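The structure under discussion appears below in the form of structure tokens.
The values are calculated or read from the model by the stated rules, or taken from the named source; none is laboratory data. Since we're looking at a predicted model, the values are computed, not measured. Note that each Cβ is placed from the backbone with ideal geometry, even for glycine, and that neighbours are counted across all protein chains shown. Ligands, DNA and RNA are excluded from the accessible area calculation, which covers all protein heavy atoms including side chains. Shrake-Rupley method; radii C 1.70, N 1.55, O 1.52, S 1.80 Å.
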Amino acid sequence: MRTINVKEIKKAVSDLCIKANTDLRPDVFSAIKKAAGLETDKRAKKIWGVLIENAAIAKRDRLAICQDTGIACVYLEIGRDVKLTGASLERAVNDGVKLGYRRGYFRASIVDPLTRKNTGNNAPAVIKTKIVNGDKVRLTVIPKGFGCENKNQIKMFKPTAGLKDVKKFIIDAVRQAGPDACPPYVVGVGIGGTFEKAAELSKEALLKTVSGVRCKVLSPECRLEKELLKEINKLKIGPAGIGGKTTALAVNICSHPTHIAGLPVAVSIGCHAMRSATAVI
Amino acid sequence: MRKIYLPLSKETIEDLRIGDEVLLTGTIYTARDQAHKRFFELLKKNKKLPVDLKAQTIYYCGPTAARPGNAIGSCGPTTSSRMDAFTPALLKTGLKGMIGKGSRSKEVISAIKKYKAVYFLAVGGAGAYLSKKVKRARVAVFKDLGPEAVYELSVKDFPVIVGIDSTGRSIY
Ligand code: SF4
């Protein structure tokens with residue numbers, strides 16, 4: 001058994017909130033640079049330039065990449081040989097979010113859903129925990145902006161639905177996001193499981209890399225990702241939504257076996273400021 | 001790139017066409033969902049707005065807090081369509097400019113045409129970059145709304161693109 005005081009978790013969450021919000025994910029940054037290089041439209045080229053400069057300014061001046069510093073989604077993978085001591089885990093995570101958002105001068109965007117009263121500190125986070133093997137704790141913070149979160153979709157397909165129907169649904173989700181949710185997008189797709197599993201998978205898909213070699217073997221998932229990316233880029237929504245070669249930086253799919261009677265499919269739209277940061281304790 | 005000084009004049013507005021890239025200098029007011037809702041409710045009750053929006057420009061934005069020494073934090077645009085239900089009423093009172101991101105409803109487009117106004121696009125998700133164009137910021141009204149309060153911003157060469165012009169044409 002390895003003992004970890006939750007104070008360490010609080011500190012790590014706080015640091016990750018700051019890192020994720022100010023230091024654009026390297027894979028997202030290089031995908032943006034690559035897309036900028038491929039662009040031929042003059043105005044779109046300029047917008048790519050703004051996005052690149054924005055990321056550089058944010059990093060240099062420790063400013064939020066985007067003013068929507070999001071709802072903090074915190075994923076914890078806790079090794080089964082870890083013994084957590086101190087206050088409750090949930091409290092430690094939320095205290096970490098409060099601290100990080102205060103230290104980072106980030107926006108407090110969390111309100112009571114019924115009264116719309118702001119909690120004032122961006123807590124509570126959306127927390128997901130998983131017990132895994134080993135004696136480490138792996139933490140990931142995703143500050144999820146709502147411009148793109150509002151564009152997510154889920155559908156319970158019939159089991160006889162073809163891949164064609166699924167593809168159409170995913171492409172339509174991107175088309176409906178249109179210029180509103182800060183394209184170019186990272187499209188996360190969850191296929192299978194149950195209603196909530198598909199939604200979760202679509203979020204996890206946003207954490208997979210968006211540049212470089214993304215899948216070594218050409219699995220069915222991988223093939224579908226490639227086909228979808230090609231189709232989505234034909235939409236020509238482009239950076240800032242005013243046209244261009246790249247509408248999505250990547251399409252990432254996560255799947256899980258499902259029931260004979262159905263086929264849940266969820267789409268999570270990530271904006272070009274697709275932020276996340278991970279640490280291991 | 002063309003420079004424009006705010007408030008917008010009738011001639012400037014009529015001269016602008018979709019796709020024009022312009023730099024705005026002068027005063028703009030931030031307002032997002034809750035501030036719009038409050039404005040709308042006041043107008044419904046025939047009450048005066050706490051800020052005179054006549055000939056003014058609204059920026060759909062809720063900035064992050066300013067670091068010490070900075071005028072403002074990150075301050076990019078939020079999705080404009082969420083303001084659509086409230087916009088025609090504001091245009092009727094004399095609002096002339098809006099800055100945001102994304103598409104607008106048919107009703108908003110026809111109100112823009114009717115009242116001869118203009119809708120600008122700022123690059124979404126470029127809040128750190130845009131913060132450098134804001135020279136001063138102060139809360140104008142609705143301080144209780146926190147980041148959703150109405151801020152009066154002094155901007156210099158704030159880069160935008162004409163998204164919907166006064167003839168009712170849209171870039172999308
Ligand atoms: S969609 Fe993303 S980049 Fe755009 S405003 Fe929201 S968080 Fe920022």
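Rounded to the nearest angstrom and ordered from largest down, what semi-axes does the equivalent ellipsoid of chain B get from its C-alpha gyration tensor (root of 5λ)?
Values: eigenvalues 97, 80, 38 Å².
Equivalent ellipsoid of chain B: 22, 20, 14 Å, largest first.
Based on the Kirkwood radius over alpha-carbon pairs, what value in µm²/s does the Stokes-Einstein equation return for the translational diffusion coefficient of segment A:43-98 at 10 °C and 1.306 mPa s?
It diffuses with D of about 107 µm²/s by this estimate.
Using only C-alpha positions, report the orientation-averaged shadow area of the convex hull of chain A, nm², one decimal. Don't skip to the answer; put the middle values down first.
Details: hull surface 62.7 nm².
For chain A, averaging the hull's shadow over all directions gives 15.7 nm².
Once you list every other residue whose beta carbon is under 12 Å from the beta carbon of B:Q56, what net charge do they have if Lys and Arg are +1 and Asp and Glu are -1?
Numbers: positive: B:K54, B:K96; negative: B:D52, B:E152.
Neighbourhood net charge equals 0.
So which residue, out of A:P159, A:P264, A:P124, gets the largest mean-square fluctuation from a GNM of chain A using Cα contacts under 10 Å as springs?
A:P159
Based on the Cβ-Cβ distance from A:D172 to A:T3, what FRET efficiency comes out when R0 is 41 Å, to the nearest 0.05?
With R0 = 41 Å, the Cβ-Cβ based efficiency is 0.25.
Place a point 7 Å from Cα of A:F146 in the direction of its Cβ. Which residues in segment A:264-280 have their backbone N less than 17 Å from it?
What the label zone holds, given the 17 Å backbone N cut-off, is A:269-271.
Lysines within cross-link reach of B:K96: Cα-Cα under 18 Å, excluding same-chain residues under 8 positions apart?
B:K3, B:K10, B:K48, B:K54, B:K106, B:K113, B:K114, B:K116
Viscosity 1.002 mPa s, temperature 20 °C: give me the Stokes-Einstein translational D for segment B:7-62 in µm²/s, with Rh taken as the Kirkwood radius over C-alpha pairs.
162 µm²/s
Please calculate the 1.4 Å probe accessible area of B:T27, with all protein chains present, and give it to the nearest 10 Å².
Roughly 50 Å² of B:T27 is accessible to a 1.4 Å probe.
Segment A:200-220 to segment B:30-72: how many Å between their Cα centroids?
Distance between centres, Cα-based: 41 Å.
At B:R136 and B:K92, where each label point lies 7 Å from the Cα along Cα→Cβ, what is the point-to-point distance in nanometres?
In this crude label model, B:R136 to B:K92 measures out at 3.4 nm.
How many Cβ atoms of partner chains, on average, are near each residue of A:180-189 if near means within 10 Å of its Cβ?
Partner Cβ neighbours, averaged per residue: 3.
Chains B and A: what accessible area do they bury, summed, in square angstrom to the nearest 100, with a 1.4 Å probe?
Using a 1.4 Å probe on protein heavy atoms, the buried area is about 2800 Å².
Write down the percent of antiparallel bridges among all DSSP beta bridges whose residues are both part of the protein assembly as shown, to the nearest 5.
Roughly 55 percent of the beta bridges in the protein assembly as shown run antiparallel, per DSSP.
When chain B is treated as a GNM, springs tying every alpha-carbon pair under 10 Å, which of B:I161, B:I99, B:I28 comes out with the largest mean-square fluctuation?
B:I161
Got a sec? What order do A:V132, A:V189 fall in by accessible area at 1.4 Å, biggest, i.e. largest, first?
Greatest to least solvent exposure: A:V132, A:V189.
Probe 1.4 Å, all protein chains in place: accessible area of A:C215 in Å², nearest 10?
40 Å²
Could you compute Rg(Cα) / (2.2 N^0.38 Å) for segment A:134-220, with N its residue count?
After normalising by residue count via 2.2 N^0.38 Å, the value is 1.23.
At B:E14 and A:K117, where each label point lies 7 Å from the Cα along Cα→Cβ, what is the point-to-point distance in nanometres?
Computed distance between label sites B:E14 and A:K117 equals 5.2 nm.
What is the log10 of I(q)/I(0) for segment B:122-172, computed with the Debye formula using one identical point scatterer on each Cα and no solvent, at q = 0.23 Å⁻¹?
Log10 of I(q)/I(0), two decimals: -0.95.
May I ask you to give the percent of accessible area on segment B:2-164 that is carbon plus sulfur, with a probe radius of 1.4 Å? Working shown, then result.
Numbers: 3310 of 6490 Å².
Looking at segment B:2-164 in its full context, I get 51 percent from C and S.
Rounded to the nearest 0.05, what FRET efficiency do B:R2 and A:K59 give with R0 = 35 Å and r taken as the Cβ-Cβ distance? Could you check?
0.70
How many angstrom separate the Cα center of segment B:102-172 from the Cα center of segment A:136-150?
Their Cα centres are 27 Å away from one another.
In what order, largest first, do B:E148, A:E53 sit by accessible area if the probe radius is 1.4 Å?
Sorted descending by solvent-accessible area, the residues read A:E53, B:E148.
Over chain A, what relative contact order in percent results from Cα pairs under 8 Å that are six or more residues apart?
Value for chain A: 27 percent.
Along the Cα-to-C-beta direction of A:V126, a point sits 7 Å from the Cα; which residues of segment A:87-105 have their amide N less than 19 Å from that point?
Zone members listed by number: A:90-91, A:93-98, A:101.
Once the Cβ-Cβ distance between B:Y172 and A:R103 is put in as r, and R0 is 30 Å, what FRET efficiency do you end up with, to the nearest 0.05?
After rounding to 0.05, the efficiency reads 0.20.
Taking all protein chains together and a probe of 1.4 Å, list A:M156, A:M1 from the most accessible to the least accessible.
A:M1, A:M156
Once you put a point 7 Å from the Cα of A:V213 and another 7 Å from the Cα of A:K45, both along the Cβ direction, what distance in nm separates them?
Rounded to a tenth, the inter-label distance reads 3.3 nm.
Using DSSP, restrict attention to beta bridges with both residues in segment B:2-164 and report what percent are antiparallel, rounded to the nearest 5.
Expressed as a percentage, antiparallel bridges in segment B:2-164 total about 55.
Please report how far the C-alpha centroid of segment A:169-187 lies from that of segment A:104-135, rounded to the nearest whole angstrom.
First find each Cα centre; the distance between them is then 25 Å.
Which of A:K155/A:K203; A:K117/A:K151; B:K37/B:K143; A:K167/A:K234 have a Cα-Cα distance over 19 Å?
Pairs exceeding the cut-off: A:K117/A:K151.
Please report the accessible area of B:L24 (heavy atoms, 1.4 Å probe, ligands and nucleic acids excluded) in Å², nearest 10.
0 Å²
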